[in-house]
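The values are calculated or read from the model by the stated rules, or taken from the named source; none is laboratory data. Just so you know, these numbers come straight off a predicted model, no measurement behind them. Ideal geometry is used to build each Cβ from the backbone, glycine not excepted, and the neighbour counts take in all protein chains shown. Only protein heavy atoms, including side chains, enter the accessible area calculation; ligands, DNA and RNA are left aside. Shrake-Rupley method; radii C 1.70, N 1.55, O 1.52, S 1.80 Å.
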There are 2 protein chains.
Amino acid sequence: MKDGPDIARIAALIGDPGRANMLAAMMSGKALTARELAGEAGVSSQTASGHLQNLESGGLITRERQGRHHYFRLADADVAGLLETLMGLAAKKGQLRTRTGPRDAELRHARVCYNHLAGDMGVALFDTLLAQGVLKAEGDELHLTELGEAQMRALGISIDQKSRAPMCRECLDWSERRSHLAGRLGRGILDHIYAQGWASRVPDTRIVRFSKTGEASFKAAFGL
Amino acid sequence: MKDGPDIARIAALIGDPGRANMLAAMMSGKALTARELAGEAGVSSQTASGHLQNLESGGLITRERQGRHHYFRLADADVAGLLETLMGLAAKKGQLRTRTGPRDAELRHARVCYNHLAGDMGVALFDTLLAQGVLKAEGDELHLTELGEAQMRALGISIDQKSRAPMCRECLDWSERRSHLAGRLGRGILDHIYAQGWASRVPDTRIVRFSKTGEASFKAAFGL
DNA sequence: CATACAGTTCGCTGGAGCCCGAACCATGGA
DNA sequence: TCCATGGTTCGGGCTCCAGCGAACTGTATG
């Protein structure tokens, strides 16, 4: 009826607690099955199936069939960005759900956001890369400089060249309310962190847990 | 139940078509009365009253009483940013409501977003300011350089010094899918455009209509 | 004072949609 | 072939909430 695109439809999709929990779970970037998502949302698998259909036809998630399993993930980084923005706002307003338990502290320190590193560590990394001239901001575009390209190659970080996703992108951090690095480079760096054994995912959470030596090695490698 | 802040509550508030239309109307930055918003949403004033209470207690809008009128506006720029992000995503997905009439063309060219300039012109301005070194990006922070400060002073642009809002901020443009300038500086520039008579608001819309000479003067002044 | 208008509160109705039980398809393995 | 398992479809119950009519508070204006 009014101008602009249909904002209510998308918001309504996120507005149900069950679906919101599913989406939050998919922020890990991992592809999850319908059953896992049902558990995450605390509903039966029939209900979950319905929700997932809605989310899919709304364009927020995509489905991948493999044998009798259906894997779901967020449709693209834009959706992930929207969710992080929402989380940022929700965290700033209603202090409701911010009982900061020990687990939350870990979440704020280092967690996975879609497929890249977020939290304290993510923000610190991003700041350092900019300060070192590895990244350069032009307008709202982020570029990897030649120096940066050389450095990444020296570290042995492989970057998915085929994908048409942007190489670098900013992503707002809901706990820090600052930006961290997303895009193909962000993904490559996180993969590298896993490959080097510096850190690993805590199962069933978005927490990335660094070992003591791993954190030191990571900081040394990137000059934090 | 799950980690992170309560994202569903906020999304549900935006998820009702009536409330979404009200919020979209408030994106103009103007303070609107309950009746105007009821008309915008196409509901009775009783219903609107209820919606506005919900939005207020959810922290998305604020209320200002003046005599027998109640003026409503978006709570802060973060909320406006969230709405723009949502519009951007909605525009990219469902092509549903994107029948591009003549009015839409004007909207895409120059419109007001909360209290600053968006659309073609907003994006072009932002790019130019960065290229000229008036603005500088550090991390996710935008700074006004000394050169920029001098230039703004030379143009006679006054900036609200008291406010604690950030001086410069990026804001994603839903029609261009690029950033434009927000924050106190963004507001100051738009006010300047009005003051110089370069452009004026089309009543009851978000359109900013430049006169032919006004657009030329604007481009000359900022070196577009 | 009376009148007009902005906004809210109350109570009710109707419909949308969340949810699950049960039954139904599809795949994979014995 | 039969069973186990992941996922979907169908039907009905139930709750929530948007919407409005009617009545009320509060502020202007004559």
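At-a-glance table
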item: Principal axis dimensions, largest first and in whole angstrom, of the stretch B:7-75 by Cα; result: 35, 22, 21
item: Estimated buried accessible area (total), pair B and A, 1.4 Å, Å² to nearest 100; result: 4700 Å²
item: Peptide ranges A:12-19, A:190-197 listed from the most packed, as the mean C-beta count within 10 angstrom indicates; result: A:12-19, A:190-197
item: Label-to-label distance, nm, for residues given as A:Arg65 and A:Lys136 (7 Å Cα→Cβ offset); result: 4.8 nm
item: Two-site FRET efficiency, A:Lys30 against B:Ser57, from Cβ-Cβ distance with R₀ of 35 Å, rounded to 0.05; result: 0.45
item: Accessible surface of the stretch B:7-75 [probe 1.4 Å, protein heavy atoms]: carbon and sulfur percent; result: 44 percent
item: Efficiency of FRET from Cβ geometry, A:Gln46 and B:His143, R₀ 41 Å, rounded to 0.05; result: 0.15
item: Inter-probe distance in nm under a simple model that places probes 7 Å from Cα toward Cβ, at A:Ala195 and A:Leu155; result: 1.2 nm
